[in-house]
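**Q** For reference, the structure I am asking about is given below.
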Amino acid sequence: MRVGVLTGGGDCPGLNAVIRAVTKSLIHHGQCEVIGIEDGFAGLMHEQPRVRPLTWRDVSGILHTGGTLLGTSNSANPLRDEATTQLVARNVAAQGLDVLVVIGGDGTMSLAHGLHQRIGLPCVGVPKTIDNDIAFCERSFGFDTAVATATEGLRRMDSTAFSHHRVMIVETMGRHAGWIALESGLAAGADIILLPEIDFRLESVIERCRQRENDQRYTVICMGEGAKERGTDLTVRQVVQGSPDPVRLGGVAHVLRERLQPHLESEVRATVLGHLQRGGDPTPFDRVLATRFGHHAAQLLLQGIHGRMVTLQCGAITSVPMSDVAHVQRTIPLDDALLVTARDIGVCLGE
């Protein structure tokens, strides 16, 4: 069996751990050849495809490293037109690929499902996202690392906010799902947490900041990049035409700073953590989870099972139909236990 492996979408701590586990598991069981596809689906969208064999030695020593040794792309769309799709089909045939392991988020899963429908390419998916927003998956690798990074950033902002008696706004990633903001905000003891799932009232945020001006004399606000004030639109940084994920968010912290400053005596500062949350070595938790995901994906292939995405449910590694995941996002339920906890310990959610 000749197996192609690619990483799609944004980079994420733990990708190399998945590649390692898939490759070593397949080689260990024999009768398998693993081909790495470079730069996500883009590697199959050229007349000369960008591919290379992956041997046991190639994937040794990469478990703890961040990023992806294969490279990735969040703008390559193999379904953008018929000519591109047929080029991908020819390259798959020329490389003799029997099946494809795609490691990515909901957008990557949607493209893989589309390729299976259009050209009959069998695929197995491995969920990847620091946003933790893939449907039917309670925890994706990379999320724990991103939360740890965001938490450290918030704690550093806390000390400087305290010293200068400022309001410090820290913006995390998380377009339509605020899991990073919620968990890192709780872990860092943020005073206000603003999420994409709950449109905030500016008056509520002002009131909490004023209360703290007269008491603790500083405030730390953690907000997801998809958070927005009631009656306003998302803060869009960039639109990438032709991308399967064209909208890039970012900068809402600066918008909130401008809205807050006229109403407060304290100086308001804003910091966007951005791609700091994507980079660096994965935490031990993410290394283990990514390894378990990669191993399970290999087991599905060896059993001849395709069209499914590996997932974590109730603490167990299992799989779900890839079609169930395509075009679906996992957001924070409004009755989520973490939201209840935040409210009960006095965190302002801008409601």
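The values are calculated or read from the model by the stated rules, or taken from the named source; none is laboratory data. Keep in mind that what you see is a predicted model, and the values were worked out from it rather than measured. Don't worry about glycine lacking a Cβ; one is built from the backbone with ideal geometry, like all the others, and counts go over all protein chains shown. These area figures cover heavy atoms from the full protein model, side chains too; ligands, DNA and RNA do not enter into them. Shrake-Rupley method; radii C 1.70, N 1.55, O 1.52, S 1.80 Å.
**Q** Ranked highest first by the average count of other Cβ atoms within 10 Å around their residues, in what order do 107-114, 139-146 fall?
**A** 139-146, 107-114
**Q** For residue 204 and residue 254 in one chain, what is 0.36 nm times their gap in residues minus the Cα-Cα distance, to one decimal in nm?
**A** 16.2 nm
**Q** Any chance you could check the Cα centroid distance between the range 135-167 and the range 251-313 for me, in angstrom?
**A** Between the Cα centres of the range 135-167 and the range 251-313 lies a distance of 11 Å.
**Q** On a 0 to 90° scale, report how tilted helix 284-302 is relative to the longest principal axis of the chain, with both axes built from alpha carbons and the result rounded to the nearest 10.
**A** The two axes meet at around 30 degrees.
**Q** Calculate what fraction, in whole %, of the accessible area of the chain sits on carbon and sulfur atoms when a 1.4 Å probe is rolled over the protein chains.
**A** 49 percent
**Q** Note down the net charge around residue 98, summing +1 for each Lys or Arg and -1 for each Asp or Glu among other residues with Cβ under 11 Å from its Cβ.
**A** Its environment carries a net charge of 0.
**Q** Projected onto the charge dipole of the range 54-140 (+1 at Lys/Arg Cβ, -1 at Asp/Glu Cβ, origin at the Cα centre), which of 73, 94, 109 gives the Cα projection farthest towards the positive end?
**A** 94
**Q** Okay, helix-only estimate at 222 nm for the chain: each DSSP H run of n ≥ 4 adds -39500 (n - 2.57), divide by all residues, round to 500 deg cm²/dmol; what do you get?
**A** -11500 deg cm²/dmol
**Q** Can I ask one more? Whole angstrom only: what separates the Cα centroid of the range 54-77 from the Cα centroid of the range 1-30?
**A** After rounding, the separation between the Cα centres reads 8 Å.
**Q** Another question, if that's okay. Please determine, in degrees from 0 to 90 and to the nearest 10, the orientation of helix 15-29 with respect to the longest principal axis defined by the Cα atoms of the chain, where the helix direction is its Cα long axis.
**A** Between helix and principal axis, roughly 30 degrees.
**Q** Here's a follow-up. Toward the positive end of the charge dipole of the range 200-351, about the Cα centre and with charges on Cβ (Lys, Arg +1; Asp, Glu -1), which of 204, 315, 293 goes farthest?
**A** 293
**Q** Moving on. Nearest 10 degrees, 0 to 90: what angle lies between the long axis of helix 143-164 and the longest principal axis of the chain (Cα atoms)?
**A** Helix 143-164 and the main axis of the chain meet at about 20 degrees.
**Q** A further question on this structure: Dipole size in debye (nearest 20) for the range 255-351 around its Cα centre, Lys and Arg Cβ +1, Asp and Glu Cβ -1?
**A** 400 debye
**Q** Can you give the charge dipole size of the chain about its Cα centre, rounded to the nearest 20 debye, using +1 on the beta carbon of Lys and Arg and -1 on the beta carbon of Asp and Glu?
**A** So the magnitude is around 740 debye.
**Q** Which listed residue (44, 250, 345) has the Cα farthest towards the positive end of the charge dipole for the chain, taking +1 on Lys and Arg C-beta and -1 on Asp and Glu C-beta about the Cα centre?
**A** Toward the positive end, the furthest listed residue is 44.
**Q** Leaving out ligands and nucleic acids, note down the accessible area per residue over the chain with a 1.4 angstrom probe, in whole Å².
**A** I get 41 Å² per residue for the chain.
**Q** Given Cβ point charges of +1 (Lys, Arg) and -1 (Asp, Glu) and nothing else, what value in debye, to the nearest 20, does the dipole of the range 79-228 about its Cα centre take?
**A** Rounded to the nearest 20 debye, it is 240 debye.
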